[in-house]
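The values are calculated or read from the model by the stated rules, or taken from the named source; none is laboratory data. Every value quoted in this text rests on a predicted model; they were computed, and no experiment measured them. Every residue, glycine among them, receives a Cβ derived from its backbone with ideal geometry; neighbour counts consider all protein chains shown. Ligands, DNA and RNA are stripped out before the accessible areas are found, and what is left, the full protein with its side chains, is counted by its heavy atoms. Shrake-Rupley method; radii C 1.70, N 1.55, O 1.52, S 1.80 Å.
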Amino acid sequence: MMLTGLVTWALAVIGMTYLITESAIFTLPRVLVTRRLFGAGAYCPSCVGFWVGVLLYGAVGWAPPGLIV
């Protein structure tokens, strides 16, 4: 059960990171965010992946099981 939750969480973070950094759907928001707020942060998969993981844990309360006691 613990491995299934970890894989699900990792796939959710990877999928959201890919959608934000590479997809054509988010081209306009990515350009706007890059110009106004973060510089190249919206194009960096590592940076976006970190913040997606933080938001999944902080805002939604969804963390990989067993990672945080």
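Scanning the range 27-44 for residues that are modelled with pLDDT of 85 or more and open to solvent by less than 80 Å² (accessible area, probe 1.4 Å) gives a single hit, Thr27. Condition check for Val69 on (1) open to solvent by 100 Å² or more (accessible area, probe 1.4 Å); (2) among the aliphatic types (A, V, I, L, M); (3) at pLDDT 80 or above: one failure, at (3).
Counting the residues of the range 52-63 that are in a helix (DSSP H, G or I) and either small (Gly, Ala, Ser) or surrounded by 14 or more Cβ atoms within 10 Å (Cβ to Cβ) (or both) gives 5. Remark: pairs (first residue in the range 22-37, within 14 Å of Val48 (Cα to Cα); second residue among the hydrophobic types (A, V, I, L, M, F, W, C) and in a helix (DSSP H, G or I); Cβ separation under 8 Å; 6+ apart in sequence or on different chains) = Phe26/Leu19; Phe26/Ile20; Arg30/Ile20.
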